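Working notes for the structure below.
The values are calculated or read from the model by the stated rules, or taken from the named source; none is laboratory data. Owing to the predicted nature of the structure, the values given are computational and were not obtained by experimental measurement. Neighbour counts are summed over all protein chains in view; Cβ atoms, including those assigned to glycine, are modelled from backbone coordinates with ideal geometry. Remember, those area values only see protein heavy atoms, side chains included, never the ligands or the DNA or RNA. Shrake-Rupley method; radii C 1.70, N 1.55, O 1.52, S 1.80 Å.
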Amino acid sequence: MIPSWIIIGAVTFFIALGSFLITPRDVKWFAHLSRPRWLIFEPLIPFIWTVIFIGGTASATIVWQKNPGSLMTWLLMALYLVVEIITVAYIPLMLRFRSLKIGEILGLMGLILAVVLAICVLPISLMAALLLLPYLVWTPIGTYTTDELRELNPQDA
C-alpha cells in the first residue's frame, strides 16, 4: 500500500504544478504594475509558498494518520484541497482577468478557510495546526500586498 504522505504530497504537487500549466500569458501586465517601495521580498515568494505547501502537506498527513478513512478525516481532506485550489487559483485568475481585486478576494477566502481548517484540526493534533501557521501568517501579508498594489494601480484594480 502507498503511504498516505506520498498520496497527499502528490496531490498537493500536481495541483500546485497545475497553476504553472494554466497560467495565462498576461504576466507582462503584472510585471508592469507599480509596486510599493517596501516590497523587497518578492523574489522570496516562490520559496515562501514552497514552505507553506510542505507545511500543509505535513499537516494533512498527520490528520489523515490520526483517523484514516473516517468521514471527518475525508471532510478535512476536502477542506485542505479547497484551500489549496483557492491558493493556486490566485495567479491564473488574477492574470486571466487582469484584476487585482480577484487576487485580493481569493486571498481573503483562502485565509478564512485556513482559519476554519486550523480550528478544526487543532483538537486532532496541535502539530497539524501549527504546520498551518505559515499559511495563516503569510496569507494576510500577501493579501495586504495585493491591496497595496490595487491602491498604486487603480486602473488595474
Tally, over the stretch 37-47, of residues that are open to solvent by less than 80 Å² (accessible area, probe 1.4 Å) and either touching a residue at least 40 places away in the same chain (Cβ under 8 Å) or assigned to a helix (DSSP H, G or I) (or both): 3
Restricting the stretch 88-106 to residues that are in contact with an Asp or Glu (Cβ under 7 Å, 6 or more places away or on another chain) and among the hydrophobic types (A, V, I, L, M, F, W, C), the residue that is farthest from Asp147 (Cα to Cα): Leu95
Leading residue by the ranking (nearest to Ile6 (Cα to Cα)) among those in the stretch 48-61 that are surrounded by fewer than 21 Cβ atoms within 10 Å (Cβ to Cβ), aliphatic (A, V, I, L, M) and touching a residue at least 60 places away in the same chain (Cβ under 8 Å): Ala58
Every residue from the stretch 115-135 that is open to solvent by 70 Å² or more (accessible area, probe 1.4 Å), in a helix (DSSP H, G or I) and touching a helix residue (DSSP H, G or I) at 6+ places or on another chain (Cβ under 9 Å): Ile119, Met127, Leu130, Leu133
Of all residues making up the stretch 48-77, the number that are assigned to a helix (DSSP H, G or I) and either more than 14 Å from the chain's Cα centre (by Cα) or under 15 Å from Ala129 (Cβ atoms) (or both): 20
Lone qualifier among Leu111, Leu33 - being within 24 Å of Glu148 (Cα to Cα), at pLDDT 95 or above and not polar (S, T, N, Q): Leu111
All positions within the stretch 78-114 that are closer than 21 Å to Leu133 by Cβ and either open to solvent by 60 Å² or more (accessible area, probe 1.4 Å) or part of a loop (DSSP other than H, G, I, E, B) (or both): Leu81, Val82, Ile85, Leu108, Met109, Ile112
